[in-house]
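Below you'll find the structure, written out as structure tokens, and then a few comments.
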Amino acid sequence: MPIRPFKLPEDIAVLAEVLPPAFQYPENAGWSIQADEMESMADLLHGVRRLWPLLRLARIVVPSLRDAMHGFIWEEEGPAGVINVLRKGASNTWLIGNVAVLPEYRRRGIARQLVEAGIALARERGADRLTLDVVEGNVPACALYERLGFVRYTGAVQYLYEGEPPAPRPLPPGYTLEPLSSGDWRTRYDLLRRITPGAVQVYEPVEEARYRRSGFLRLLSPLFARAQGVRPEAVILRAADGRVIATGRSYARIRAGGTNEVSLDLDPACPEAAAPLLAYLLAGVLRSAPGRRVEFEAPLWLTPVVEAADQLGLRRRCTLQRMGLRL
């Protein structure tokens with residue numbers, strides 16, 4: 001059988017070889033991975049390979065990391081397809097990160113066999129839920145996942161920002177911004193536990209085991225960020241009564257090429273803060289790493305954030321179906 005599990009760290013090079021051409025869609029160029037995204041991906045994979053001795057140690061010290069980089073490769077004359085499967089933190093929720101088959105090998109059932117192998121692995125490792133994202137409009141992929149038992153439980157919009165830093169917008173009266181420590185996982189966890197809809201938590205429960213980070217990982221985080229070519233920053237937004245109503249993160253490139261990234265979690269009960277905070281994050285990351293596109297993703301259930309992204313002129317790249325499987 002031409003399918004085999006990952007052999008690490010050797011197969012990191014296989015991922016770098018297969019993923020870029022496998023994520024090309026001639027029938028819909030907007031879905032295809034672009035040159036700057038390839039640069040970011042290459043830095044990520046190169047960083048993992050370079051820090052593999054530390055990662056090997058981390059997998060001994062932090063048991064959940066043993067499930068952070070599973071997967072399978074389909075081989076014929078060479079690698080033709082891959083799937084990544086990983087545990088989310090120390091929880092029993094798992095993620096299918098990539099299902100990628102080279103164009104010349106598609107429509108032969110390879111993707112189905114890769115996904116079935118990923119499901120079996122997650123089940124063997126104690127998973128009780130498995131999630132994935134698929135581009136809305138990718139009819140063959142959506143149909144495959146539905147046949148395998150996945151159901152859509154929410155969605156997200158992928159955006160790109162390609163302009164100058166947006167003009168600052170004043171925060172609502174009484175709102176204050178403050179830095180969020182890289183080791184502070186609980187603030188975001190508490191916010192998401194409060195605001196995430198129950199229907200989403202059926203497949204993505206907000207559990208401490210998913211967000212909690214050990215001291216060992218906190219020590220290694222700066223090394224991993226530098227190896228990936230990014231400088232992370234994070235902020236908290238508080239309302240006048242002191243409640244945390246949002247957390248925002250940015251990842252600015254510290255090397256030539258590649259893309260910047262921002263993320264935003266916001267209490268939907270405070271929609272007036274969405275546009276000012278998103279504008280702040282975009283302006284900050286573009287001051288740190290100018291001249292690069294910014295990637296941003298907003299869950300559909302965070303309506304104020306989606307509306308703020310549209311209002312600020314971010315370009316919709318695609319809508320994702322977020323699908324889940326109970327094991």
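A short reminder: the numbers here are calculations on the coordinates, not readings from a lab. Given the structure is predicted, the values throughout are model-derived calculations rather than measurements. Glycine also receives a Cβ, built like all others from the backbone with ideal geometry; neighbour counts cover every protein chain displayed.
Here is how the numbers come out for the structure above:
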{"item": "FRET efficiency, 1/(1 + (r/R0)^6) with R0 30 Å, evaluated for ALA240 and ARG66 via beta carbons", "result": "0.10"}
{"item": "Paired Rg and Dmax values of the chain, which use every Cα atom, in angstrom", "result": "19.7, 63"}
{"item": "Principal-axis tilt of helix 186-195 within the chain, Cα atoms, nearest 10 degrees", "result": "90 degrees"}
{"item": "Tilt relative to the chain, helix 274-288 - C-alpha long axis, 0 to 90 degrees, to 10", "result": "70 degrees"}
{"item": "Cα-centre dipole for segment 160-318 with unit charges at Cβ (Lys and Arg positive, Asp and Glu negative), debye to 20", "result": "600 debye"}
{"item": "Label-to-label distance, nm, for residues given as LEU300 and ALA16 (7 Å Cα→Cβ offset)", "result": "3.7 nm"}
{"item": "GNM top mover of ALA80, ALA225, ALA120 - the chain, alpha-carbon springs below 10 Å", "result": "ALA120"}
{"item": "Exposure proxy ranking, count of Cβ atoms within 10 Å, fewest first, for LEU223, LEU312", "result": "LEU223, LEU312"}
{"item": "Long-range HN-HN contacts of GLY155 with modeled amide H, under 5 Å", "result": "LEU300, TRP301, ARG322"}
{"item": "Segment 12-63-segment 239-272 distance, computed between alpha-carbon centres (Å)", "result": "24 Å"}
{"item": "Segment 274-327 versus segment 82-119: alpha-carbon centroid distance in Å", "result": "25 Å"}
{"item": "FRET efficiency, 1/(1 + (r/R0)^6) with R0 30 Å, evaluated for GLN311 and VAL151 via beta carbons", "result": "0.45"}
{"item": "Theoretical FRET efficiency, 1/(1+(r/R0)^6), r = Cβ-Cβ of GLU164 and ASP184, R0 25 Å, to 0.05", "result": "0.20"}
{"item": "Distance in nm between pseudo-label sites at ALA143 and TRP31 (7 Å out along the Cβ direction from Cα)", "result": "1.3 nm"}
{"item": "Sorted by Cβ neighbour density within 10 Å, fewest at the top, the residues VAL115, VAL139, VAL157", "result": "VAL139, VAL157, VAL115"}
{"item": "In nm, spacing of pseudo-spin labels at LEU219 and ARG194 (7 Å Cα→C-beta vector)", "result": "3.3 nm"}
{"item": "Segment 3-156: projected area of the alpha-carbon convex hull, averaged over directions, in nm²", "result": "9.5 nm²"}
{"item": "Tilt relative to the chain, helix 215-228 - C-alpha long axis, 0 to 90 degrees, to 10", "result": "80 degrees"}
